[in-house]
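Input: a single structure, listed below in structure tokens.
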Amino acid sequence: MKNTDACLHVRGESVFIDDRLVPEGTLYAAVLSSPVPHAKIIEFDISKAKSVEGVEGIFTADDIPGVNQIGNIIKDEVLFADEEVHYIGQPIAIVVSKSDVISHKTINEIKIEFVKFTPVFDPRESYKKGQLITPTRTFSLGDVDNEWKKCDLLIEGTVESGGQEHIYMETQGALAYPSEDGTIKIISSTQAPTAVQRIAANVLGLPMNKIEVDVLRIGGGFGGKEDQAVPWAVMTALASFKLKKPVKLVLHRKEDIIMTGKRHSYSSDYKMGLSKGGKILAYEVTFYQNAGAAADLSTAIMERSLFHATNSYYIPNAKITCISCKTNLPPNTAFRGFGAPQALFVMESAIYKAADKLGINPSVLQEKNLIKDGDEFTYGMILKNSTARKCWQTAEKHYSIEKLYKDVKEFNSKNKIFKKGISMMPICFGISFTNTMLNQASALVHVYTDGSVSVSTAAVEMGQGVNTKIRQVASEVFSININRIRVESTNTSRVSNTSPTAASTGADLNGGATRIACMNILERLKNFVSDKHKNQNLKTVEIMDEVVYLNGKKTGLKWDELINEAYTNRISLSAQAHYATPDIYFDKKKEKGEPFAYHVFGVAVTEVTLDCLKGIYEIDSVKIVHDAGKSFNRLIDLGQMEGGVVQGIGWATIEELMYAKDGKLLTDSFSTYKIPDIYFAPFEIKVHFLENKNTQVGIFNSKAIGEPPFLYGIGTYFALTKAMKEFRPDLKEKFSIPLTPEKVLLALYEKP
Ligand code: MTE
Ligand code: MOS
């Protein structure tokens with residue numbers, strides 16, 4: 001069962017925002033954004049811009065009929081800057097005209113003057129100034145302060161990780177058009193249709209039922225369209241509400257890179273205490289999160305950093321603190337892994353440093369400290385059905401690790417310039433939104449009289465294959481051919497109050513709701529059949545492969561005939577259902593609870609070859625054992641694994657955001673911001689799914705797959721570090737992501 005969208009994508013027939021046939025009279029918007037990072041606006045003059053031929057409107061904060069506020073969790077973000085600007089790229093106004101070209105040219109005709117303030121870009125500096133997004137939070141287990149003196153080895157350090165640009169293939173965009181009576185329909189490239197609906201309603205001063213949001217699919221989101229698809233959609237809604245005409249806004253790539261937030265960079269301090277035998281007894285860490293100029297999703301991302309700070313290890317005494325710091329950068333946002341990659345990198349850095357001190361392979365410490373059933377996470381959840389060790393052991397066996405180490409050792413002894421390195425990277429990722437409320441979804445299922453089926457859910461298809469998985473659910477419950485099932489666009493009028501498609505929960509939540517809706521219809525169909533045979537001693541009614549079975553015996557009644565008969569007898573062939581993840585909770589006062597439905601585990605073995613003359617490197621292989629439960633769709637899951645790994649490697653190695661002193665992003669195009677391409681990707685990515693059929697976990701006992709594979713990319717960092725050390729044993733690791741070839745080269749030849 002391949003991805004439903006595969007053929008459309010390959011033929012270029014899939015429809016994204018910019019591919020839509022627009023309604024007659026559509027106008028085009030372009031955004032005027034701040035060229036300075038922190039300033040007061042002292043003059044703003046649109047008189048010249050207004051008179052440019054083809055311009056139909058210019059909109060600013062003054063034109064908003066409702067509230068100038070788009071903050072989701074914290075109400076701290078305006079749609080259009082009014083008095084002050086807080087980052088380069090912050091929207092100030094939009095120009096709407098007959099063409100995209102005219103609108104973009106006209107932006108330059110707006111006269112704007114600023115008085116500049118001193119910006120802050122460094123999170124530690126903003127912390128010192130007391131500029132925080134939200135109060136600091138700490139998770140703790142045991143008693144670190146008491147434990148340090150019992151440790152045989154103490155290590156401390158600082159770890160840095162950079163941001164990351166999403167580079168979804170479809171840039172941010174929306175198309176809005178007015179209908180009658182002040183209602184607006186918005187076609188948006190968003191992971192969160194309800195967020196767009198709710199915030200558009202607030203900004204326009206309308207009730208939510210006057211805004212309809214529709215998402216056919218999006219050209220990648222990776223978290224970048226969870227909150228940050230909102231402003232562009234709301235801008236088009238505002239302009240179309242005011243002008244009573246359709247308005248389209250699709251950001252150019254450079255605009256998208258400059259104006260939107262990225263993965264949060266983190267600067268962290270840690271301390272770790274170990275026993276002589278290599279048990280990690282205590283771990284203390286403080287994350288300084290660079291949130292940018294507004295909260296966006298930073299508080300939620302901070303939470304996931306807290307949850308995943310100890311990765312897949314059991315540490316009896318831990319104190320984890322996260323400080324969300326306000327800086328003059330675009331508000332940073334969700335990005336695959338959602339704060340976990342940053343936290344895991346600190347943990348692994350600490351382990352590598354400790355191993356170095358002990359003169360052993362880090363994998364010895366990693367294995368020794370793997371979490372097992374009955375162990376407690378810092379947030380009070382007791383682990384059940386752990387597969388951390390099973391994944392580790394399977395990887396050792398399946399990929400003949402001992403031989404791998406031997407081969408690499410031999411290679412390194414024979415080569416002076418080329419050095420190889422290997423790393424093991426175990427991962428742990430909790431599945432469920434950490435905000436318990438969001439763990440719900442709905443589905444609306446119609447069976448038409450010809451037996452074809454239409455499914456609407458809250459899930460947004462973004463390339464991750466959720467629509468295919470939802471089709472599989474309906475096909476499996478009804479036991480009918482998957483080609484009879486169509487998944488509709490995600491639409492707030494059909495399915496309401498949607499949680500964003502995020503936190504890797506898309507298939508679990510929406511598949512769960514689809515399953516219940518289909519089961520309800522199936523139940524009605526079975527009752528209809530048994531009513532028909534009331535006097536015939538009927539024990540079971542089943543549908544298998546589109547045929548009705550009575551008492552286990554095949555009948556001549558086929559699916560489409562059954563549907564037709566049921567309709568004739570006035571049986572309802574539609575159902576709406578709601579699913580909420582059972583038994584999860586979290587007490588934010590105590591910072592304890594059981595926030596996750598389950599955990600995903602796995603291990604990656606990474607081998608790299610480093611050219612120590614040039615600093616460039618090749619990733620020979622990433623070999624993974626991954627617990628996907630009972631994989632629901634192997635091809636899709638494999639695609640998610642491969643894509644996630646490569647995206648993670650990109651963050652760890654070559655994706656480097658560079659800023660000028662004044663905060664201007666220097667890497668604002670594909671020529672300066674390098675993402676992995678097929679030549680850079682590992683030569684080999686092997687995935688062995690640990691078949692783990694017995695546990696009751698996600699939809700049809702599968703486990704969510706969207707984000708966890710990203711974490712394996714961190715392994716490449718440490719494989720490179722090992723190779724560097726082979727060339728230069730006195731290497732001083734800096735524990736700083738990304739480890740670009742430039743940084744490798746400088747470190748290899750740094751003066752002692
Ligand atoms: N895969 C593709 N092709 N495109 C994407 O945008 N987003 C990732 C992941 N895989 C993404 C992707 C992120 S950040 C998440 S949270 C999940 O998919 C969301 O979808 P799911 O919940 O259905 O797994
Ligand atoms: Mo994914 S970062 O939860 O959209």
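The set of residues from region 701-731 being part of a loop (DSSP other than H, G, I, E, B) and surrounded by fewer than 21 Cβ atoms within 10 Å (Cβ to Cβ) comprises ARG728, PRO729, ASP730, LEU731. Count of region 457-472 residues, restricted to those that are open to solvent by less than 30 Å² (accessible area, probe 1.4 Å) and touching a residue at least 60 places away in the same chain (Cβ under 8 Å), is 9. The residue that is nearest to ASN361 (Cα to Cα), counting only those in region 413-422 that are of a type outside the set (A, V, I, L, M, F, W, C) and over 38 Å from the mean Cα position of the chain (by Cα), is SER413. Among the residues of region 307-330, those identified as more than 25 Å from LYS390 (Cα to Cα) and open to solvent by less than 10 Å² (accessible area, probe 1.4 Å) are ILE320, CYS322, ILE323, SER324, CYS325, THR327. Considering the conditions (1) buried (at least 19 other Cβ atoms within 10 Å of the Cβ); (2) among the polar types (S, T, N, Q); (3) modelled with pLDDT of 95 or more, SER631 is excluded by exactly one of them, (3).
Which condition number in (1) more than 40 Å from the chain's Cα centre (by Cα); (2) outside any loop (DSSP other than H, G, I, E, B); (3) on the phi > 0 side of the Ramachandran plot is the one that ARG570 fails? It is condition (2) that ARG570 fails.
Residue by residue, here is whether (1) part of a helix (DSSP H, G or I); (2) under 17 Å from GLU607 (Cα atoms) holds:
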| residue | (1), (2) |
| --- | --- |
| LYS390 | yes, no |
| ALA395 | yes, yes |
| TYR405 | yes, yes |
| SER413 | yes, yes |
| GLY421 | no, yes |
| MET425 | no, yes |
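Criterion first (farther than 26 Å from ILE92 by Cα, within 16 Å of ligand 2 (Cβ to nearest atom) and crowded, with 24+ Cβ neighbours inside 10 Å) does VAL230 satisfy it? Against the criterion (farther than 26 Å from ILE92 by Cα, within 16 Å of ligand 2 (Cβ to nearest atom) and crowded, with 24+ Cβ neighbours inside 10 Å), VAL230 does not qualify. Checked against the criterion of being assigned to a helix (DSSP H, G or I) and of a type in the set (A, V, I, L, M, F, W, C), region 259-280 contains one or more residues that satisfy it. Could you tell me how many of the residues in region 599-637 are out of contact with any strand residue (DSSP E or B) (no Cβ under 6 Å at 6 or more places or on another chain), among the hydrophobic types (A, V, I, L, M, F, W, C) and within 15 Å of ligand 1 (Cβ to nearest atom)? Selection size over region 599-637: 2. Whenever a residue of region 200-226 is open to solvent by 50 Å² or more (accessible area, probe 1.4 Å) and within 14 Å of ligand 2 (Cβ to nearest atom), its partners that are modelled with pLDDT of 95 or more and part of a loop (DSSP other than H, G, I, E, B), lying with C-beta atoms within less than 7 angstrom and at least six residues away or across chains, give the pairs PHE222/HIS166; PHE222/TYR168; PHE222/PHE335; PHE222/ARG336.
Screening ASP375 with (1) more than 25 Å from LYS630 (Cα to Cα); (2) open to solvent by less than 50 Å² (accessible area, probe 1.4 Å); (3) of a type in the set (Asp, Glu) gives one miss only, at (1).
Among the candidates ILE382, ILE360, ILE417, the residue that is open to solvent by 10 Å² or more (accessible area, probe 1.4 Å) and farther than 30 Å from CYS151 by Cβ is uniquely ILE417.
If we scan region 242-251, do we find a residue that is under 22 Å from the mean Cα position of the chain (by Cα) and open to solvent by 10 Å² or more (accessible area, probe 1.4 Å)? I'd like the intermediate steps shown before the answer.
Initial filter on region 242-251 (under 22 Å from the mean Cα position of the chain (by Cα)): 250-251.
Of the ones still in play, those that are also open to solvent by 10 Å² or more (accessible area, probe 1.4 Å) are 250.
The answer is yes; a qualifying residue exists.
For region 310-339, taking the residues that are outside any strand (DSSP E or B) and in contact with a Ser or Thr (Cβ under 7 Å, 6 or more places away or on another chain), the one that is nearest to ligand 2 (Cβ to nearest atom) is identified as GLY339. For region 156-187, filtering for residues that are hydrophobic (A, V, I, L, M, F, W, C) and within 14 Å of VAL234 (Cβ to Cβ) leaves 6.
Give ARG486, ARG515 a once-over and let me know the one that is within 16 Å of ligand 1 (Cβ to nearest atom), open to solvent by 50 Å² or more (accessible area, probe 1.4 Å) and within 36 Å of the chain's Cα centre (by Cα). Just one listed residue meets the conditions, ARG515.
Would you pick out the residues in region 340-357 that are open to solvent by less than 10 Å² (accessible area, probe 1.4 Å) and either of a type in the set (D, E, K, R) or away from ligand 2 (no atom under 16 Å from the Cβ) (or both)?
Hits for region 340-357 are PHE345, VAL346, MET347, GLU348, SER349, ALA350, ILE351, ALA354, ALA355.
Check whether at least one residue in region 732-741 is open to solvent by less than 10 Å² (accessible area, probe 1.4 Å), in a strand (DSSP E or B) and touching a helix residue (DSSP H, G or I) at 6+ places or on another chain (Cβ under 8 Å), and report yes or no. Yes, that holds for at least one residue. Against the numbered list (1) within 16 Å of ligand 1 (Cβ to nearest atom); (2) under 30 Å from ASN439 (Cα atoms); (3) touching a helix residue (DSSP H, G or I) at 6+ places or on another chain (Cβ under 6 Å), HIS688 comes up short only at (1). LYS242 passes every criterion in (1) away from ligand 2 (no atom under 16 Å from the Cβ); (2) among the basic types (Lys, Arg); (3) out of contact with any Gly (no Cβ under 9 Å at 6 or more places or on another chain) apart from (3). From the list SER475, SER454, SER413, SER442, the lone residue that is free of Cβ contacts under 8 Å to residues at least 40 places away in the same chain, among the hydroxyl-bearing types (Ser, Thr, Tyr) and in contact with a helix residue (DSSP H, G or I) (Cβ under 9 Å, 6 or more places away or on another chain) is SER475.
Apart from one condition, LYS589 fits all of (1) assigned to a strand (DSSP E or B); (2) under 24 Å from GLU303 (Cβ atoms); the exception is (1).
The values are calculated or read from the model by the stated rules, or taken from the named source; none is laboratory data. Remember, it's a predicted structure, so these values are computed and weren't measured experimentally. We place every Cβ from the backbone using ideal geometry, glycine too, and count neighbours over all the protein chains shown. Quick note on the areas: whole protein, heavy atoms, side chains included, nothing else; ligands and nucleic acids left out. Shrake-Rupley method; radii C 1.70, N 1.55, O 1.52, S 1.80 Å.
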